[in-house]
1. Somewhere in the stretch 81-91, is a residue open to solvent by 50 Å² or more (accessible area, probe 1.4 Å), modelled with pLDDT of 95 or more, in contact with an Asp or Glu (Cβ under 8 Å, 6 or more places away or on another chain) and part of a helix (DSSP H, G or I)?
2. Do we have Phe67 as open to solvent by less than 70 Å² (accessible area, probe 1.4 Å), touching a helix residue (DSSP H, G or I) at 6+ places or on another chain (Cβ under 8 Å), among the aromatic types (Phe, Trp, Tyr) and over 21 Å from Gln1 (Cβ atoms) here?
3. Inside the stretch 97-117, can you point out the residues that are touching a helix residue (DSSP H, G or I) at 6+ places or on another chain (Cβ under 9 Å) and open to solvent by less than 40 Å² (accessible area, probe 1.4 Å)?
4. Can you confirm whether the stretch 22-33 contains a residue that is modelled with pLDDT of 95 or more and closer than 16 Å to Val113 by Cα?
5. Does Leu20 count as surrounded by fewer than 18 Cβ atoms within 10 Å (Cβ to Cβ) and either out of contact with any Lys or Arg (no Cβ under 7 Å at 6 or more places or on another chain) or in a strand (DSSP E or B) (or both)?
6. Would it be correct to say that Glu46 is open to solvent by 20 Å² or more (accessible area, probe 1.4 Å), closer than 16 Å to Tyr106 by Cα and more than 10 Å from the chain's Cα centre (by Cα)?
7. Output the number of residues of the stretch 98-117 satisfying the condition of being within 19 Å of Gly10 (Cα to Cα) and part of a loop (DSSP other than H, G, I, E, B).
8. Thr70 passes all but one of (1) free of Cβ contacts under 8 Å to residues at least 12 places away in the same chain; (2) assigned to a loop (DSSP other than H, G, I, E, B); which number fails?
Amino acid sequence: QVQLVESGGGLVQPGGSLRLSCVASGTISSIRDMGWYRQAPGKQRELVTRFTSSGATNYVDSVKGRFTITGDNAKNTVYLQMNNLKPEDTAVYYCNYRPPWSAYNYWGQGTQVTVSS
């Protein structure tokens, strides 16, 4: 059984930075099968970024150039570095793991990011 635990959220002023972490416990295929999603109040959950099977990365247009996903396979951990944060980045951020052999999605409990002055 895989469990995902996020940390690093909080309140930050516009233009500030935060780094989110997600640790996966249990046996996973690879951190390349992990990514970050977010859900703002009243909106659907959306993909922020995730690795591709080749190890490249995909980002939603609104965060390109500001957010960076990295990972450490030895620690089963992925990170989301968020720079130049904007109020519209306010959301609950969720870590996701989807095994390549399954359509099942594992989700963390989410971590709140609030960007406000």
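The values are calculated or read from the model by the stated rules, or taken from the named source; none is laboratory data. None of these values were measured; they are calculated from a predicted model. Virtual Cβ from ideal backbone geometry, glycine too; neighbours counted across all protein chains shown. To get the accessible areas, we keep the full protein, side chains included, count just its heavy atoms, and leave off ligands, DNA and RNA. Shrake-Rupley method; radii C 1.70, N 1.55, O 1.52, S 1.80 Å.
1. no
2. no
3. Listed by number, the residues that qualify are Tyr97, Pro99, Val113, Val115.
4. Yes: the stretch 22-33 contains one or more residues that are modelled with pLDDT of 95 or more and closer than 16 Å to Val113 by Cα.
5. Values: surrounded by fewer than 18 Cβ atoms within 10 Å (Cβ to Cβ): no; either out of contact with any Lys or Arg (no Cβ under 7 Å at 6 or more places or on another chain) or in a strand (DSSP E or B) (or both): yes.
For Leu20, the condition - surrounded by fewer than 18 Cβ atoms within 10 Å (Cβ to Cβ) and either out of contact with any Lys or Arg (no Cβ under 7 Å at 6 or more places or on another chain) or in a strand (DSSP E or B) (or both) - is not met.
6. In short, yes.
7. 5
8. Here Thr70 meets the rest and fails (2).
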